[in-house]
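Enquirer: Below are the structure tokens for one structure; questions will follow.
The values are calculated or read from the model by the stated rules, or taken from the named source; none is laboratory data. On a predicted model such as this, the values are computed, not experimentally measured, just so you know. Here Cβ is always computed from backbone atoms with ideal geometry, including for glycine, and neighbour counts include all displayed protein chains.
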Amino acid sequence: MERILDRLAQLISITSVTSDETEIRDRLAGLLDQMGLTTDSFDADLGSITSDPAFPGMEVERSTLPVVIARLNPGAEGTHPLLSGHIDVVPPGDPRSWTSDPFEPRVEGDRMYGRGACDMKGGVVAILETLEHLVASGHRGPVTVAFVPSEEDGGSGTLAAIRRGIEATVAVIPEPTSLQVVTAHAGAITFRLVIPGKAAHAAVRTEGVSALDGLETIRRALAADERHRNTDETDPRMVALGLPYPTIIGQISGGVWASSVIDAVEIRGRYGVRMGQDAAGAAEDLASCLERAWEGDPFLADHPMDFEVFGASFDSCGIPDTHDLPVSLGRSIEAVTGAASKPVGLPAGTDMRLLVNEAKIPTVLYGPGDLRVAHAADEYVRPSEVATCAEVLTHWVRSLP
């Protein structure tokens with residue numbers, strides 16, 4: 001446990017906010033070298049990645065895309081697992097919302113606090129601990145590890161690792177799943193829409209048309225669409241989530257003067273990608289929803305719609321619960337913890353969909369931490385969960401034929 005606590009503290013103290021991951025990549029590459037793995041540490045070519053047909057988009061500007069891939073027993077025969085984790089974290093937000101400095105790790109009870117503790121430096125440390133166990137036991141089978149940037153804004157790091165030529169039969173990403181096996185997840189796209197109005201002086205406001213009225217039309221349409229898309233779902237893993245495909249308006253801006261009727265409002269939001277659907281299909285659903293609402297509003301119908309999907313896009317993905325990967329991992333969970341494991345779904349997008357859809361590597365999520373505290377102030381992970389995850393992954397890798 002001491003090694004887990006020390007490495008968690010080391011990694012949390014590195015401010016690896018998305019687009020600034022070189023320091024943590026280099027720290028991890030050094031640890032992998034010390035363990036005796038064959039290490040490939042590189043900066044992917046941004047031009048090649050952004051022009052790739054599978055480029056998943058980005059939310060922030062960056063000058064580097066630092067990746068490290070390491071191999072234990074390269075060339076050995078047998079089932080070849082990949083353990084992958086992202087090394088970037090989201091910004092901490094208002095520091096006043098934190099009990100302590102988000103990049104100064106703090107232990108309180110059975111929790112270690114800090115930005116990225118849950119999402120997903122706890123999972124990264126679980127991978128390191130798994131490797132320590134495997135090396136110490138003289139494991140002879142092949143294992144590949146990838147630590148990648150840019151997951152939080154699309155997944156370009158994993159795409160770069162795929163294009164580098166990672167080879168694996170199966171993969172596990174220890175994202176925060178509360179130590180449940182995730183075999184399916186939704187996706188998401190982000191969008192921008194400008195809603196017009198007609199300016200007028202506040203004293204004669206009825207001479208104008210407030211863009212807020214159009215916003216309410218759009219809000220109702222999105223709410224109805226969200227209900228329809230979620231109640232129509234039949235995959236039991238997603239149905240169990242209650243709201244697997246949420247739609248939100250996360251940003252609103254508009255107005256130029258307190259005593260003027262608002263003549264335009266810009267909104268930005270997130271729209272879910274349903275199981276069996278890619279980001280392009282979700283974009284078509286969203287555009288159809290907005291177009292129907294637009295044409296049904298007398299004022300909006302007389303104005304062109306300024307709408308776009310932009311930034312990162314996450315397709316949905318899944319593998320059958322009966323696949324050998326979740327079945328074998330479930331056996332290891334039961335062997336280590338004594339508890340049975342039932343695969344579940346996730347309402348968020350991850351790099352899993354790139355490994356499944358692009359690299360054709362069957363993949364699941366299984367890791368320490370509660371998704372509800374990821375991206376939040378006072379984010380934390382339980383080191384005991386990190387240790388359990390590492391024990392399960394070690395048992396699982398050793399059990400592979």
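Enquirer: Given the options Thr130, Thr144, Thr79, Thr169, name the one that is more than 20 Å from Ala374 (Cβ to Cβ) and touching a Lys or Arg at 6+ places or on another chain (Cβ under 7 Å). First the steps, then the outcome.
Expert: Details: Thr130 fails: touching a Lys or Arg at 6+ places or on another chain (Cβ under 7 Å); Thr79 fails: touching a Lys or Arg at 6+ places or on another chain (Cβ under 7 Å); Thr169 fails: touching a Lys or Arg at 6+ places or on another chain (Cβ under 7 Å).
One residue alone meets the criteria, Thr144.
Enquirer: Which one is surrounded by the fewest Cβ atoms within 10 Å (Cβ to Cβ) among residues in region 2-27 that are in contact with a helix residue (DSSP H, G or I) (Cβ under 7 Å, 6 or more places away or on another chain) and of a type in the set (A, V, I, L, M, F, W, C)?
Expert: The qualifying residue surrounded by the fewest Cβ atoms within 10 Å (Cβ to Cβ) is Leu5.
Enquirer: So, in region 11-22, exactly how many residues are in a helix (DSSP H, G or I) and either under 13 Å from Val107 (Cα atoms) or in contact with a Ser or Thr (Cβ under 7 Å, 6 or more places away or on another chain) (or both)? Full working, then the answer.
Expert: Filtering region 11-22 for residues in a helix (DSSP H, G or I) gives 11-12, 22.
Remaining after also requiring either under 13 Å from Val107 (Cα atoms) or in contact with a Ser or Thr (Cβ under 7 Å, 6 or more places away or on another chain) (or both): 12, 22.
Number satisfying all stated conditions: 2.
Enquirer: Right, something else. Which condition does Trp396 not pass, out of (1) over 30 Å from Glu104 (Cα atoms); (2) part of a helix (DSSP H, G or I); (3) free of Cβ contacts under 8 Å to residues at least 24 places away in the same chain, if it passes all the others?
Expert: That leaves (3) as the condition not met.
Enquirer: Are there any pairs, at least 6 apart or on different chains, whose C-beta atoms fall under 8 Å, with the first in region 337-358 and closer than 21 Å to Ala168 by Cβ and the second crowded, with 21+ Cβ neighbours inside 10 Å and of a type in the set (Phe, Trp, Tyr), and if so, which?
Expert: Every condition considered, the pairs that remain are Gly349/Phe314; Thr350/Phe314; Arg353/Phe314.
Enquirer: Further question: Would you say Pro74 is touching a Gly at 6+ places or on another chain (Cβ under 7 Å) and not hydrophobic (A, V, I, L, M, F, W, C)? Lay out the reasoning, then the answer.
Expert: On the way: touching a Gly at 6+ places or on another chain (Cβ under 7 Å): no; not hydrophobic (A, V, I, L, M, F, W, C): yes.
Considered against the rule, which asks whether it is touching a Gly at 6+ places or on another chain (Cβ under 7 Å) and not hydrophobic (A, V, I, L, M, F, W, C), Pro74 comes out as no.
Enquirer: Also, I was wondering about something else. Please specify each residue of region 292-311 satisfying the condition of being assigned to a helix (DSSP H, G or I) and not hydrophobic (A, V, I, L, M, F, W, C).
Expert: Looking only at region 292-311, we keep the residues that are assigned to a helix (DSSP H, G or I), and these are 292-295, 300-302.
Within region 292-311, Arg292, Glu295, Asp302 meet the criteria.
Enquirer: Another question, then. Which one of Pro326, Pro320, Pro298 is surrounded by fewer than 17 Cβ atoms within 10 Å (Cβ to Cβ) and either within 30 Å of Pro56 (Cα to Cα) or at pLDDT below 95 (or both)?
Expert: On the way: Pro326 fails: surrounded by fewer than 17 Cβ atoms within 10 Å (Cβ to Cβ); Pro298 fails: either within 30 Å of Pro56 (Cα to Cα) or at pLDDT below 95 (or both).
Checking each option against the conditions leaves just Pro320.
Enquirer: Here is a list of conditions, (1) under 20 Å from Thr158 (Cα atoms); (2) surrounded by fewer than 15 Cβ atoms within 10 Å (Cβ to Cβ); (3) without any contact (Cβ under 8 Å) to a residue 60 or more places away in the chain, and Ser48 meets all of them except one; can you say which number that is?
Expert: Here Ser48 clears every test but (3).
Results for (1) within 30 Å of Ser210 (Cβ to Cβ); (2) part of a strand (DSSP E or B), shown as yes or no for each residue.
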site	(1), (2)
Ala283	yes, no
Leu286	yes, no
Ser313	no, yes
Glu334	no, no
Gly369	no, no
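Enquirer: Oh, and also: Against the definition (assigned by TED's automatic domain parsing to the domain that holds Tyr380, part of a loop (DSSP other than H, G, I, E, B), in contact (Cβ under 8 Å) with a residue 60 or more places away in the chain and not charged (D, E, K, R)), how does Thr158 come out, yes or no?
Expert: Working: assigned by TED's automatic domain parsing to the domain that holds Tyr380: yes; part of a loop (DSSP other than H, G, I, E, B): no; in contact (Cβ under 8 Å) with a residue 60 or more places away in the chain: yes; not charged (D, E, K, R): yes.
Considered against the rule, which asks whether it is assigned by TED's automatic domain parsing to the domain that holds Tyr380, part of a loop (DSSP other than H, G, I, E, B), in contact (Cβ under 8 Å) with a residue 60 or more places away in the chain and not charged (D, E, K, R), Thr158 comes out as no.
Enquirer: Could I ask something else about it? Would you check if Val67 is modelled with pLDDT of 95 or more, in contact with a helix residue (DSSP H, G or I) (Cβ under 6 Å, 6 or more places away or on another chain) and not in a strand (DSSP E or B)?
Expert: Numbers: modelled with pLDDT of 95 or more: yes; in contact with a helix residue (DSSP H, G or I) (Cβ under 6 Å, 6 or more places away or on another chain): yes; not in a strand (DSSP E or B): no.
For Val67, the condition - modelled with pLDDT of 95 or more, in contact with a helix residue (DSSP H, G or I) (Cβ under 6 Å, 6 or more places away or on another chain) and not in a strand (DSSP E or B) - is not met.
Enquirer: Still on this model: Run down Val261, Val273, Val265, Val256 and say which single residue is surrounded by fewer than 18 Cβ atoms within 10 Å (Cβ to Cβ) and either of a type in the set (Val, Ile, Thr) or under 16 Å from Thr190 (Cβ atoms) (or both). Can you show your working first?
Expert: Values: Val261 fails: surrounded by fewer than 18 Cβ atoms within 10 Å (Cβ to Cβ); Val273 fails: surrounded by fewer than 18 Cβ atoms within 10 Å (Cβ to Cβ); Val265 fails: surrounded by fewer than 18 Cβ atoms within 10 Å (Cβ to Cβ).
When all the criteria are applied, what remains is Val256.
Enquirer: If you don't mind, another one. Looking at Thr322, is it in contact with a strand residue (DSSP E or B) (Cβ under 8 Å, 6 or more places away or on another chain) and in a loop (DSSP other than H, G, I, E, B)? It would help to see each step written out before you state the result.
Expert: On the way: in contact with a strand residue (DSSP E or B) (Cβ under 8 Å, 6 or more places away or on another chain): no; in a loop (DSSP other than H, G, I, E, B): yes.
It is false that Thr322 is in contact with a strand residue (DSSP E or B) (Cβ under 8 Å, 6 or more places away or on another chain) and in a loop (DSSP other than H, G, I, E, B).
A quick yes/no check of all residues on (1) surrounded by 22 or more Cβ atoms within 10 Å (Cβ to Cβ); (2) farther than 19 Å from Ala9 by Cβ; (3) outside the structural domain of Ala240 (by TED's automatic domain parsing):
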position: Gly114; (1), (2), (3): yes, no, yes
position: Glu129; (1), (2), (3): no, no, yes
position: Phe147; (1), (2), (3): yes, no, yes
position: Arg163; (1), (2), (3): no, yes, yes
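Here's the yes/no breakdown for (1) buried (at least 18 other Cβ atoms within 10 Å of the Cβ); (2) more than 20 Å from Ile189 (Cβ to Cβ):
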residue: Ser332; (1), (2): yes, yes
residue: Leu346; (1), (2): yes, no
residue: Arg353; (1), (2): yes, no
residue: Lys360; (1), (2): no, yes
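Yes/no per residue for (1) at pLDDT below 95; (2) farther than 25 Å from Val143 by Cα; (3) assigned to a loop (DSSP other than H, G, I, E, B); (4) out of contact with any Asp or Glu (no Cβ under 6 Å at 6 or more places or on another chain):
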position	(1), (2), (3), (4)
Leu8	no, no, no, yes
Ile24	no, no, no, yes
Phe42	no, no, no, yes
Phe55	no, yes, yes, yes
Gly75	yes, no, yes, yes
Val107	no, yes, no, yes
Met112	no, yes, no, yes
